[in-house]
Every structure is written in structure tokens, then in C-alpha cells.
Amino acid sequence: MPARPPLGRDFHLLWAGETVSLVGNATTSILLPLAAVLELQAGPAWMGALAAATWLPWLVIGLPAGAWVDRLDARLTMIVADIAAALTLITVPVAAWLDHLTLPHLVLAALAGGVSTVFFRTAYTTIIPRLVDDAALDTANARLFGTEATAMVVGPSVAARLAAAGGPAFGLAIDAASFLVSAVCLWRIKPGRPVPDQDREGDEGAEG
């Protein structure tokens, strides 16, 4: 049985950043509504608005985002998306600790977080072929999709533990930090299409 081609350092950095970002998104999707209920006693209408704000960006800019990302640097787009998500989330615990948190604030935070997620998820699918050889693409995609499924299961549990430890605001502060960790992982990537072995050998032959 042939050995699987190595995925390389840059892919593993992408994988780490994607994992942290996915768990952060899954955790945030629990903690924001929890903050609305526990901190602000939100009713059904506000909870519906909060849920809609999370998914509205996918409906409005999901398709255009693909065309926009094609014209941008995918890695930089993901880094900016992570930083934007972190800055958005950190405003919630800060406002809560200052006793200035409002329901419109939470809805806007969910909306901004949704926009960041759209750009991050769109960009990461375009960067994978630049980090691994064609022969390793199936393995790389399988790992990323498996991680996504795991994050959806693990995220609610992480959210519950964070909320129990210090409340929803504390959990969202940790979430914000997690997006910064993801941004650092992505910043360390040096993207560039791997040179296939046959091309490398051809170049060496030409030089000789």
C-alpha cells in the first residue's frame, strides 16, 4: 500500500488555525444567546433576531464573497476575518463588565461575526491547493471536514464549561482570544503552490 504524501508544516498551521476558528464559532453560537437570556432576559423576538443575524450574512454575501475572495490574498483574508471576529467578540464582555451591554449590541455582534465567518470559510477552501500537492488534497480535505464535524460536537460542550466557569461574558472573552490564536497560526504560513517532484527534477536537469 503506497504511503500517503506528507501534508507539510503550512497545512498543519492552516489545520490548527481552522480548528481553533471552528471551535470558536461553535462556542460563540451558544454563548451569545446565553448572554442574551442570562444577562438581558431576552424574549423570543430578540432570540429570533439573534439567530437570524448569525445566518443572514450567508444569505446576503455568501455568493459575492466567493468572487471577492478570488481577487484577494486568501491567507490575509482569513487573518483579517479572525482579527475582526476577535475584536467584535471582545466588545461584548467589555460592555457587560461595564454594565452597558444591550440586545442590539448582541445582534450586531452576531451579524459582524457571521460576516467574518463567511469570508474565513470562503477563503480557506481556496488556499488548500496552494499548501499541499495534488496527491495530498483528498487527505487534507478529509482532515478539515472531519475537524469541522468534531468542532460542531465539541463547541457546545466547551461553551457550557466556559459559561459555568465564569459566565457567558467570560466565555466570549476566551472565544475572542481563540480567534487571535487562529490568526497567529495563519500568519506563520508561507503560502505558495508546492512544486511537484517531476517539475523539480526537470528544473534540476535543465540546470545541469
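At 20 °C and 1.002 mPa s, what whole-number value in µm²/s does Stokes-Einstein give for the translational diffusion of the chain, with Rh from the Kirkwood sum over Cα pairs? Answer, rounded: 117 µm²/s. For region 105-115, putting each phi into the Karplus relation 6.51 cos²θ - 1.76 cosθ + 1.60 with θ = phi - 60° gives couplings of 4, 5, 5, 5, 5, 5, 5, 5, x, x, 5 Hz, in residue order, rounded to whole numbers and with x for Gly and Pro. Restricting the calculation to alpha carbons of region 18-90 gives Rg and Dmax of 14.6, 43 angstrom.
Relative to the current alpha-carbon distance between S157 and A67, full extension at 0.36 nm per residue lengthens the span by 28.9 nm.
Accessible surface of D133, taken over heavy atoms with a 1.4 Å probe and every protein chain present, rounds to 60 Å².
Only Cα pairs under 8 Å and 6+ residues apart enter the sum, and on that basis the relative contact order of the chain stands at 42 percent. Near the amide H of A42, within less than 5 Å, lie the amide hydrogens of V37, all on another chain or at least 5 residues away, with H placed in the peptide plane.
Is there a quick way to get the dipole size of region 92-194? I mean about its Cα centre, with the Cβ of Lys and Arg at +1 and of Asp and Glu at -1; what is the value in debye to the nearest 20?
The dipole magnitude comes to about 240 debye.
Ordering F119, F11 by accessible surface, largest first, gives F119, F11; the 1.4 Å probe counts only protein heavy atoms, with every chain in place.
Couplings 3J(HN,Hα) of region 127-143, computed from phi: 8, 4, x, 7, 10, 10, 5, 4, 5, 9, 4, 4, 5, 4, 5, 4, 5 Hz, in residue order, whole Hz [Karplus 6.51 cos²θ - 1.76 cosθ + 1.60, θ = phi - 60°; x for Gly and Pro].
Here the Karplus curve 6.51 cos²θ - 1.76 cosθ + 1.60, taken at θ = phi - 60°, turns the phi angles of region 86-102 into couplings of 5, 5, 5, 5, 5, 5, 5, x, 4, 5, 5, 5, 8, 6, 10, 6, 10 Hz, with x standing for Gly and Pro.
Modelled spin-label separation between L56 and N141, with each label point placed 7 Å from Cα along the Cα-to-Cβ direction: 3.3 nm.
In this structure region 8-126 gives 47 Å² per residue of accessible area when probed at 1.4 Å with all protein chains present. The dipole here belongs to region 1-76: it is taken about the Cα centre, uses +1 on the Cβ of Lys and Arg and -1 on the Cβ of Asp and Glu, and is about 180 debye.
The trypsin sites (Lys or Arg not before Pro) of region 1-99 meeting both criteria, a DSSP state outside H, G, I, E and B (loop) and at most 10 other C-beta atoms within 10 angstrom of the site's C-beta, are R71.
Heavy atoms of the protein chains alone define the surface here; on that basis region 132-185 has 47 Å² accessible area per residue at 1.4 Å probe size. Extension gain for the segment W187 to L40, taken as residue separation times 0.36 nm less the Cα-Cα distance, is 49.2 nm to one decimal.
Taking the protein heavy atoms of the chain in the context of the full set of protein chains, the accessible area attributed to carbon and sulfur is 67 percent at 1.4 Å.
The values are calculated or read from the model by the stated rules, or taken from the named source; none is laboratory data. On a predicted model such as this, the values are computed, not experimentally measured, just so you know. Here the Cβ is made from the backbone with ideal geometry for all residues, glycine too, and neighbour counts use every protein chain on show. Heads up: the accessible areas ignore ligands, DNA and RNA and are worked out on the full protein's heavy atoms, side chains in. Shrake-Rupley method; radii C 1.70, N 1.55, O 1.52, S 1.80 Å.
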